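Attaching a single structure in structure tokens format; questions to follow.
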Amino acid sequence: MIQIDLDADLNMVDDEDRNFARRPANLRGLAVGNVAVAGRPGFWSWALIEEISASSVFFRQISAAEAAKHGDLAAVPA
């Protein structure tokens, strides 16, 4: 099963055509320039984080090929 990092409605975009999600209480390695998994189980996307504010995380959906350029796509076992 995929690990969702950002619970997000992938149909919602801001004025800059970026997706956004509520900022999680624990950022767990989420940082500007990092890749995360955004969405919900069954409907998710690779996401490149562009901005983190006090309440939101703004990101762009990217392909798996683009995500792989930023590092390993496998989650580290907990």
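The values are calculated or read from the model by the stated rules, or taken from the named source; none is laboratory data. The structure presented is a predicted model; accordingly, all values stated were derived computationally and were not measured. Cβ coordinates were reconstructed from backbone atoms using ideal geometry, including for glycine residues, and neighbour counts include every protein chain displayed.
Which residues, taken from region 24-61, are in contact with a strand residue (DSSP E or B) (Cβ under 6 Å, 6 or more places away or on another chain) and among the aromatic types (Phe, Trp, Tyr)?
44, 46, 58, 59
One line per residue, one yes/no per condition, for (1) modelled with pLDDT of 95 or more; (2) more than 10 Å from the chain's Cα centre (by Cα):
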{"site": "7", "(1), (2)": "yes, no"}
{"site": "11", "(1), (2)": "yes, yes"}
{"site": "16", "(1), (2)": "yes, yes"}
{"site": "19", "(1), (2)": "yes, no"}
{"site": "41", "(1), (2)": "no, yes"}
{"site": "62", "(1), (2)": "yes, no"}
{"site": "65", "(1), (2)": "no, yes"}
{"site": "68", "(1), (2)": "no, yes"}
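Name the residue that is surrounded by the most Cβ atoms within 10 Å (Cβ to Cβ), counting only residues in region 6-23 that are assigned to a loop (DSSP other than H, G, I, E, B) and in contact with a strand residue (DSSP E or B) (Cβ under 7 Å, 6 or more places away or on another chain).
From region 6-23, those assigned to a loop (DSSP other than H, G, I, E, B) are 8-12, 14-18, 23; that's our starting set.
Still in the running and in contact with a strand residue (DSSP E or B) (Cβ under 7 Å, 6 or more places away or on another chain): 8, 10, 12, 14, 18, 23.
Numbers: 8: 25, 10: 17, 12: 10, 14: 11, 18: 19, 23: 16.
Going through the qualifying residues, I end up with 8.
Return yes when residue 65 is loosely packed, with under 11 Cβ neighbours inside 10 Å, without any contact (Cβ under 8 Å) to a residue 24 or more places away in the chain and either under 20 Å from residue 15 (Cβ atoms) or among the aliphatic types (A, V, I, L, M) (or both) and no when it is not.
Yes.
Within region 32-43, count every residue that is farther than 14 Å from residue 7 by Cβ and surrounded by 11 or more Cβ atoms within 10 Å (Cβ to Cβ). Don't jump to the end; show me each part of the working.
Of region 32-43, the ones farther than 14 Å from residue 7 by Cβ are 32-35.
Add one more test, that the residue is surrounded by 11 or more Cβ atoms within 10 Å (Cβ to Cβ), and what stays is 32, 34-35.
Matching residues across region 32-43 total 3.
Still on this model: If we keep just the residues of region 44-56 that are of a type in the set (A, V, I, L, M) and within 17 Å of residue 3 (Cα to Cα), which is surrounded by the most Cβ atoms within 10 Å (Cβ to Cβ)?
Residues of region 44-56 of a type in the set (A, V, I, L, M): 47-49, 52, 54.
Pick out the ones that are also within 17 Å of residue 3 (Cα to Cα) and you get 47-49.
Details: 47: 27, 48: 19, 49: 22.
If we take residues in region 44-56 being of a type in the set (A, V, I, L, M) and within 17 Å of residue 3 (Cα to Cα), then 47 is surrounded by the most Cβ atoms within 10 Å (Cβ to Cβ).
Pick from 32, 57: which is in a loop (DSSP other than H, G, I, E, B) and of a type in the set (A, V, I, L, M)?
On inspection, the qualifying residue turns out to be 32.
Which one of the conditions (1) in a helix (DSSP H, G or I); (2) in contact with a Gly (Cβ under 9 Å, 6 or more places away or on another chain) does residue 65 fail to meet, given that it meets all the rest?
Just one mismatch for residue 65, condition (2).
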